[in-house]
Amino acid sequence: MTYRDNRIDSMKGFLIILVVLGHVIGVAGSGVLNDRLWKLIFLFHMPMFVMLSGYLTQRKGDIKVFWNKQKSLLLPFLVFQVMSLLIVSGIFKECLTPISFIIPYWSLWYLISLLFWRIFIEYTPSVIINKPFIFLLIAILMALFSGLLHYGRVLSIQRTLNFFPFFLFGYYMGSGLIKKQLWPKALSFTVVLFSIIWLIDILPPPVSNVIQYDGDIKLLLRGADHYSFLDIPMKVILISCAFVLSMSLFNIIPEVKFLSIIGRDSLFYYLWHAPIVKFILPLLCTKLHLPKSFIWMIVYTLVVILLLWVMSHSKLFRWFVLPIKNNKK
């Protein structure tokens, strides 16, 4: 019997809600507060999610067993990739090129990157993987220079390199080579409180004015866009902030039942939120002239989460996520 850590599931549930909220803001939001919330969410939500994926990853030692397990990533990726490309070409009349088929559509990059991260862990020689400091240093350097790639979206290469340090750190935490709590919970609460203060701008000046940066912060936060050598110092700052905030939340997020329920089904929510937020929500906002304020972004997110919860009880929708014989939760 496999033991499930409900606190880890609660973290995954919390992060999935933030994934939906971040994408809702990116597609339908506008305004200063929406923009600041988007930046805060994208600073840590995927780094922390990637870290949890690494935390739950183990070296199989058996190549056949390893690749058999990857079906749970490859099959839903193929299903949703084909479905998404059919929608954008057939309904939205977007022109597809041969390269479109090897660029994961929108949020599907995570499945391909997760496959690569697992391959890195499985195939890296023990002499390297058993030296956390050296391997993490290599991973961080690859992340910093990943933005110099001009075709980084192909097979999600850039995001794979960009987030790999977080996956690797999570793997080391899960395997016991790195402590799970690096600093006291009091400091973690302070970090989270400071983030909230920055969000609502209680104490001037905000961090965005303290750090002088002329480039596009969003470009660096997405981890999928080309940038120059001059952007690397800011990238160092963002990776450091993402790590501190992610570890702080890892320390203090408690076990919450409804979050753990969502977290156990995180793949379903992750895959199905994309067509709803990317295709249906913009159409409704345009046709019905829906508002785009901060409060309404919260409302839209809650509606999407509720809809996904209802869909998760349908065998049809679940088949798309796991189109093989064992189709249970």
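The values are calculated or read from the model by the stated rules, or taken from the named source; none is laboratory data. Fair warning: this is a prediction, and the values are worked out from it, not measured in the lab. Positions of Cβ are backbone-derived with ideal geometry, glycine not excepted, and every protein chain shown enters the neighbour counts. Calculation scope for accessible area: heavy atoms of the full protein, side chains included, ligands and nucleic acids excluded. Shrake-Rupley method; radii C 1.70, N 1.55, O 1.52, S 1.80 Å.
Structure summary
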quantity	calculated
Subset tally (residues that are among the aromatic types (Phe, Trp, Tyr) and either surrounded by fewer than 16 Cβ atoms within 10 Å (Cβ to Cβ) or within 16 Å of residue 301 (Cα to Cα) (or both)) for segment 221-267	2
Of residues in segment 285-301 being surrounded by 13 or more Cβ atoms within 10 Å (Cβ to Cβ) and among the aliphatic types (A, V, I, L, M), the one nearest to residue 27 (Cα to Cα)	297
Scope segment 140-194; condition open to solvent by less than 20 Å² (accessible area, probe 1.4 Å) and hydroxyl-bearing (Ser, Thr, Tyr); matching residues	146, 156, 160, 172, 188
Candidate set from segment 1-34 (those that are free of Cβ contacts under 8 Å to residues at least 24 places away in the same chain and open to solvent by 50 Å² or more (accessible area, probe 1.4 Å)); member that is farthest from residue 297 (Cα to Cα)	1
Condition met for residue 240 (of a type in the set (S, T, N, Q) and without any contact (Cβ under 8 Å) to a residue 24 or more places away in the chain)	yes
Helices (runs of 4 or more DSSP H) contained in segment 56-136 and holding at least 3 residues over 17 Å from the mean Cα position of the chain (by Cα) and exposed (fewer than 15 other Cβ atoms within 10 Å of the Cβ)	63-69, 71-90, 126-129
